[in-house]
Structure formats: structure tokens, C-alpha cells
Amino acid sequence: RVHAREHWSSELMAAEWCLIESDPGVFTELIRGFGVRGVQVEEIYSLDKSSLESLRPVHGLIFLFKWRAEEKQSGDVVQDSRLDDLFFAKQVIKNACATQAVLNVLFNCHHSDVDLGPTLSPFKDFTTTMDANMRGLSMTNSNDIREVHNSFARQQLFEFDQSLASGDEDAYHFIGYVPVDGRLYELDGLKDGPIDHGKCSEHDWLETCKPILDERIASFEADEIHFNLMAIVSDRKMVYQRETETLEQRKSQILEKLEKIALGEVSMETDVNDPTSALPEDLQSQLEDVESHLSQLQSLIISETEKMHRYKVTLPTISCI
């Protein structure tokens with residue numbers, strides 16, 4: 001786990017924005033603190049297709065890396081009419097990069113699972129016609145957003161540490177990756193605009209993103225662990241409960257069909273267009289599969305509930321830009 005400590009250029013900035021840890025529990029609680037419903041954050045250890053299958057749908061990625069001024073940029077900065085359909089806010093204060101990355105991703109997510117809630121929805125509407133700089137300023141000056149952000153700090157870490165201002169300590173930075181209208185974009189508040197990484201689809205955008213992140217990670221020495229990757233995904237408990245409802249309906253259909261067969265009310269002929277049209281032994285096998293899957297889902301729901309109870313905020317220890 002990588003921690004991010006953010007430093008300030010003045011005591012005033014230090015008093016207004018706190019430190020954020022690169023942790024899925026912290027980010028999940030941060031997002032929920034904003035009033036967003038339907039999503040959570042999961043740490044990602046591999047972008048292999050098989051590793052991500054259980055997390056779909058994935059709405060965006062948050063990437064923490066060691067910031068280097070000389071790093072070469074890949075992709076082109078968007079400067080055309082696509083900006084009308086992309087939400088991008090410039091970062092105007094060092095301390096806010098974690099929240100900025102999260103909001104840049106969330107404001108570009110149009111999935112039905114995601115509900116921005118009563119705080120972020122009006123903010124997004126209010127800033128729709130603004131340019132990237134004004135959006136960044138509005139975000140920084142939003143009392144609602146800042147108060148939620150700052151609720152994840154310990155009081156003593158609000159003090160300005162002059163030793164961090166020298167630039168000797170490593171600085172870390174959060175950015176986002178998100179698919180919008182068939183293209184993959186990198187959202188880095190320190191850039192002049194969204195970075196276009198080319199075509200993708202809603203289904204394969206993570207595969208498009210993988211070589212980009214692999215190249216970035218490979219630029220560090222083998223013994224350096226200077227990055228952390230998290231995914232904004234649909235609320236897992238909500239997804240499992242939705243799957244449970246579907247399977248419960250399927251179970252009821254099978255039981256109803258078995259009962260009718262037992263009473264001689266229906267024939268035992270099969271119909272390829274009717275999944276419950278099968279011989280009794282086949283229906284019994286289907287019922288066992290459904291019940292097994294329901295049991296697995298119940299275990300996953302319990303696991304998610306326990307995980308959310310374990311989530312707690314801990315504080316960062318290294319510098320973030």
C-alpha cells in the first residue's frame with residue numbers, strides 16, 4: 001500500500017486541505033462522504049482480463065505514481081469540441097490531487113449504477129459551462145467538497161512542515177483514466193487538458209489502458225514501489241444483491257415447473273425457447289446449480305458487509321503533488 005502525504009506552499013493552504021491516503025477504504029468512504037451512491041473503490045494488483053472480470057463494471061481507474069517533472073507525455077492533449085462532452089478540471093492547489101482525480105472520473109461516468117447525489121450533481125451542473133481552470137477553482141473553493149476531504153485528517157497533520165517545502169522529499173500524484181464515447185482519456189489536473197489515448201470500447205477499455213500503465217510502471221527501477229492502482233467500480237454488494245434477485249426468480253420458475261410436472265399439468269417435452277422446459281432430472285440439476293450460486297452470492301454479500309465495516313481512515317506519510 002502506498003501512502004501519500006501532501007505539502008503546502010503556505011500555512012493558509014495547509015489549513016484548508018488535508019492529507020489523503022492511497023487506500024481503497026479511504027477512497028470508498030471519501031466518495032460516499034460526497035453523497036455518491038452505487039460505487040466503491042477496489043485496489044488493483046493486475047490488469048489481466050481474468051483478474052478484472054469479477055469487478056466489472058469498472059467505471060474508471062485512479063493511479064498514484066511518483067511525480068517526475070521530466071516524464072515524457074504519451075497521447076495528445078484534447079483541445080477540440082470533445083471538451084464540451086468531457087469533464088476536466090485543472091488542479092490549482094497541491095493538496096487536492098486525490099479528490100480531484102476521483103471527481104474527474106466520477107463526472108465522466110454515465111453508468112446507470114452511479115448516482116452522484118445531492119452534493120456533486122448540482123456542482124457538476126453549476127460548472128458545466130466553465131473552462132478547466134474555473135472548474136478547478138470552483139472545486140477547490142467548494143466548502144462541501146473541502147469539508148468532506150478534510151474529514152479524513154488528523155488534527156496534528158494540519159501543521160505546515162517547512163522541511164517538505166525544500167523539494168527534497170519525493171512527491172506523489174493522483175490521476176484518472178476513463179472511457180468516454182469510445183476513447184480512452186487520461187485525466188491529470190496538472191496537464192492542460194485530457195490526454196487522448198485512442199479508441200476503445202466500454203467492454204475492452206481496460207485492455208487498452210494496460211500497456212499505457214505497464215509502460216509507466218516499467219519506467220521505475222525494479223526495487224522502487226512508487227505507484228498504486230485503484231478502480232472505481234459498481235457497489236459490489238448492490239451487484240451481488242441484483243444477481244441474487246435474478247437467480248431467485250429463476251429458482252421460483254424451476255420450482256413452479258417441477259410442481260406442475262408432478263401434478264401432470266404440463267408435458268415433459270423440451271422447448272429451446274423456454275429455459276424451464278426440460279425433463280425433471282434436468283430441472284433438478286438446474287435447481288442445484290442455482291442454489292449453489294445463490295449460496296456463493298450470499299457469502300460474497302456477507303464478505304462485502306464485513307469489509308465495509310473494517311474500512312477506516314489512516315493517514316499518509318509521504319509527499320503528494
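The values are calculated or read from the model by the stated rules, or taken from the named source; none is laboratory data. Here the structure is a predicted model, which means the values were calculated and not measured. In this analysis, Cβ positions are derived from the backbone assuming ideal geometry, glycine residues included, and neighbour counts consider all displayed protein chains. The area values use the complete protein model at the heavy-atom level, side chains included, leaving out ligands, DNA and RNA. Shrake-Rupley method; radii C 1.70, N 1.55, O 1.52, S 1.80 Å.
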Among residues of the range 68-103, those that are within 13 Å of HIS173 (Cα to Cα), among the polar types (S, T, N, Q) and not in a helix (DSSP H, G or I), counted: 1
Contacts under 9 angstrom Cβ, first residue in the range 110-124 being free of Cβ contacts under 8 Å to residues at least 60 places away in the same chain, partner among the acidic types (Asp, Glu) and open to solvent by 30 Å² or more (accessible area, probe 1.4 Å), 6 or more apart: SER121/ASP115; PHE123/ASP144
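Taking the range 246-290, which residues are of a type in the set (Gly, Ala, Ser) and either at pLDDT 90 or above or surrounded by 16 or more Cβ atoms within 10 Å (Cβ to Cβ) (or both)?
Going through the range 246-290, the residues of a type in the set (Gly, Ala, Ser) turn out to be 252, 262, 264, 267, 277-278, 285.
Scanning the range 246-290 gives SER252, SER277, ALA278, SER285.
Residues are listed down the side, and each one gets a yes or a no for (1) surrounded by fewer than 21 Cβ atoms within 10 Å (Cβ to Cβ); (2) modelled with pLDDT under 95; (3) within 22 Å of the chain's Cα centre (by Cα); (4) of a type outside the set (D, E, K, R):
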{"residue": "GLU71", "(1), (2), (3), (4)": "yes, yes, no, no"}
{"residue": "ASP76", "(1), (2), (3), (4)": "yes, yes, no, no"}
{"residue": "LEU103", "(1), (2), (3), (4)": "no, no, yes, yes"}
{"residue": "PHE107", "(1), (2), (3), (4)": "no, no, yes, yes"}
{"residue": "ASP113", "(1), (2), (3), (4)": "yes, no, yes, no"}
{"residue": "THR119", "(1), (2), (3), (4)": "yes, no, yes, yes"}
{"residue": "PHE126", "(1), (2), (3), (4)": "yes, no, no, yes"}
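Suppose we filter GLU243, GLU202 for residues that are open to solvent by 40 Å² or more (accessible area, probe 1.4 Å), assigned to a loop (DSSP other than H, G, I, E, B) and within 30 Å of GLN296 (Cβ to Cβ); which single one remains?
Working: GLU243 fails: assigned to a loop (DSSP other than H, G, I, E, B).
Only one candidate qualifies: GLU202.
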Restricting the range 34-60 to residues that are under 18 Å from MET238 (Cα atoms) and without any contact (Cβ under 8 Å) to a residue 40 or more places away in the chain, the residue that is surrounded by the fewest Cβ atoms within 10 Å (Cβ to Cβ): GLU53
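Report yes if ILE31 is open to solvent by 10 Å² or more (accessible area, probe 1.4 Å) and touching a residue at least 24 places away in the same chain (Cβ under 8 Å), otherwise no. Reasoning before the result, please.
Numbers: open to solvent by 10 Å² or more (accessible area, probe 1.4 Å): no; touching a residue at least 24 places away in the same chain (Cβ under 8 Å): yes.
No; evaluated as a whole, the condition is false for this residue.
Within the range 183-212, track down each residue that is closer than 18 Å to ARG56 by Cβ, touching a residue at least 12 places away in the same chain (Cβ under 8 Å) and of a type outside the set (Phe, Trp, Tyr). Walk me through it before giving the result.
Residues of the range 183-212 that are closer than 18 Å to ARG56 by Cβ, as a first pass: 184, 200-210.
Now drop any that are not touching a residue at least 12 places away in the same chain (Cβ under 8 Å), which leaves 184, 200-202, 205-210.
Listed by number, the residues that qualify are LEU184, CYS200, SER201, GLU202, LEU206, GLU207, THR208, CYS209, LYS210.
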Qualifying residue in the range 38-55 (condition: closer than 27 Å to LYS307 by Cβ, in contact with a His (Cβ under 6 Å, 6 or more places away or on another chain), outside any loop (DSSP other than H, G, I, E, B) and at pLDDT below 90): no
